[in-house]
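A short write-up of the structure that comes next.
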Amino acid sequence: MTNKKHTHPPSAVDLRVRALESLLVEKKIINPATIDTLVETYETKIGPRNGAKVVAKAWVDPAYKKRLMDDATGAIKELGFSGIQGEDMIVVENTATVHNVTVCTLCSCYPWPVLGLPPVWYKSAPYRSRIVREPRAVLEEFGVKLPKEKQIKVWDSNAELRYMVFPERPAGTENLSEAELAKLVTRDSMIGTDLLEYTG
Amino acid sequence: MNSVHDMGGMHCYGAVVREVNEPVFHAEWERRVFGMFIGSFATGMFNIDQFRHAVERIDPAHYIESSYYEHWLEGLLTLAKEGGVLTEEELQGRMQELSMEEPQC
């Protein structure tokens, strides 16, 4: 708001939000204390560190990796991550010949239990419109340059199915522990818009 | 449905803009909208398909020019009204009351 006046009327959006909350509380649809706890959980506890733990475990434990590929929802739940927007998960594996990237062209479907809430760019019109038409160009904007012969698969998430990318384990990490490996895994690498590397 | 929300393959939206060290929410009202979504979803006011349908019925021009959590706000309002939880008059009335409470300075 650039127009300074003697009073500062709330923005129209803010006012609508507060009016809606006030009515939903009054009608006992929601409880403000519960809301605070839920929001805080998504701000501080549920985020890409969860997904990073899944990836690192699968890198060091072949049996776990097999379970992750066969039944992602179940394998992710083994580590304690489950719930809304993660009810049906599929993990897609990056290999020497295939690079995977995820999107939700309709809106913002995203695997909350493992990645938290999506960044604004993931929900934005440019990403949603372009990643399916020109994935290579969009990935280059993210600094991901892939050889021409590498196949790119774009997975369009929806309300029923959420995808997570299983990034390739970086070279030179043979001696790292699972916890150290987890620290290398970025959020974007599990969306497919980042490649991991280990510089030692 | 095939409307403006179905963005896959559309042209002309420009470059993907990213924010370094992006916070989970950008304003308190976004936190409240998210919380209301989770809270009212949990109580069964709607299911996820109903919510998406409500968002997809937002006026296309408004959909394009408004931000993500504004879409959620409008979706929630639509479902609350259609579910008989509240009326537009109640909403307007409450907005009026709240705007009167704003501190003067």
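I'd like the full set of residues that are basic (Lys, Arg) and buried (at least 18 other Cβ atoms within 10 Å of the Cβ), limited to the stretch A:158-183. Correct list: A:Arg162, A:Arg169.
Out of the residues in the stretch B:27-67 that are outside any helix (DSSP H, G or I) and over 14 Å from the mean Cα position of the chain (by Cα), state the one that is nearest to A:Cys107 (Cα to Cα).
As a first pass, look at the stretch B:27-67 and keep what is outside any helix (DSSP H, G or I): B:27, B:43-47, B:57-59, B:66-67.
Narrowing further to those that are over 14 Å from the mean Cα position of the chain (by Cα): B:43-47.
Numbers: B:Thr43: 23, B:Gly44: 21, B:Met45: 21, B:Phe46: 18, B:Asn47: 16 Å.
It comes out as B:Asn47.
Take the stretch B:42-52 and flag every residue that is surrounded by fewer than 18 Cβ atoms within 10 Å (Cβ to Cβ) and either under 11 Å from B:Leu79 (Cβ atoms) or within 7 Å of another protein chain (Cβ to nearest Cβ) (or both). B:Thr43, B:Asn47, B:Ile48, B:Asp49, B:Gln50, listed by residue number. Out of contact with any His (no Cβ under 8 Å at 6 or more places or on another chain), within 18 Å of A:Leu38 (Cβ to Cβ) and either in contact (Cβ under 8 Å) with a residue 60 or more places away in the chain or among the hydroxyl-bearing types (Ser, Thr, Tyr) (or both) - does that describe any residue in the stretch B:15-25? No, the stretch B:15-25 contains no residue that is out of contact with any His (no Cβ under 8 Å at 6 or more places or on another chain), within 18 Å of A:Leu38 (Cβ to Cβ) and either in contact (Cβ under 8 Å) with a residue 60 or more places away in the chain or among the hydroxyl-bearing types (Ser, Thr, Tyr) (or both). When the stretch A:127-147 is limited to residues that are touching a residue at least 40 places away in the same chain (Cβ under 8 Å) and more than 8 Å from chain B (Cβ to nearest Cβ), the one that is surrounded by the fewest Cβ atoms within 10 Å (Cβ to Cβ) turns out to be A:Gly143.
Under 22 Å from B:Glu19 (Cα atoms), touching a residue at least 40 places away in the same chain (Cβ under 8 Å) and in contact with a Gly (Cβ under 8 Å, 6 or more places away or on another chain): is that true of A:Pro119 in this structure? In short, no. When residues in the stretch A:38-53 are screened for being buried (at least 21 other Cβ atoms within 10 Å of the Cβ) and farther than 30 Å from B:Thr43 by Cβ, 1 of them pass. The C-beta contact set for the stretch A:92-114 (first residue more than 15 Å from A:Lys148 (Cα to Cα) and without any contact (Cβ under 8 Å) to a residue 60 or more places away in the chain, second residue buried (at least 20 other Cβ atoms within 10 Å of the Cβ) and β-branched (Val, Ile, Thr), distance under 6 angstrom, 6+ apart or interchain) comprises A:Val103/A:Ile131.
Does the stretch B:73-80 contain any residue that is more than 8 Å from chain A (Cβ to nearest Cβ), in a helix (DSSP H, G or I), surrounded by fewer than 19 Cβ atoms within 10 Å (Cβ to Cβ) and in contact with a helix residue (DSSP H, G or I) (Cβ under 8 Å, 6 or more places away or on another chain)? Within the stretch B:73-80, one or more residues are more than 8 Å from chain A (Cβ to nearest Cβ), in a helix (DSSP H, G or I), surrounded by fewer than 19 Cβ atoms within 10 Å (Cβ to Cβ) and in contact with a helix residue (DSSP H, G or I) (Cβ under 8 Å, 6 or more places away or on another chain).
To keep it simple, each residue is scored yes or no on (1) touching a strand residue (DSSP E or B) at 6+ places or on another chain (Cβ under 9 Å); (2) among the β-branched types (Val, Ile, Thr); (3) touching a residue at least 40 places away in the same chain (Cβ under 8 Å); (4) part of a helix (DSSP H, G or I).
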position: A:Arg16; (1), (2), (3), (4): no, no, no, yes
position: A:Glu21; (1), (2), (3), (4): no, no, no, yes
position: A:Leu24; (1), (2), (3), (4): no, no, no, yes
position: A:Ala56; (1), (2), (3), (4): no, no, yes, yes
position: A:Thr73; (1), (2), (3), (4): yes, yes, no, yes
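Among the residues of the stretch A:32-42, are any farther than 19 Å from B:Gly39 by Cα and hydroxyl-bearing (Ser, Thr, Tyr)? No - not one qualifying residue is present in the stretch A:32-42.
Coordinate-derived values only; no laboratory data. Only a predicted model underlies this, so the values are computations on that prediction, with no experimental measurement involved. Backbone-built Cβ (ideal geometry, glycine too); neighbour counts: all protein chains shown.
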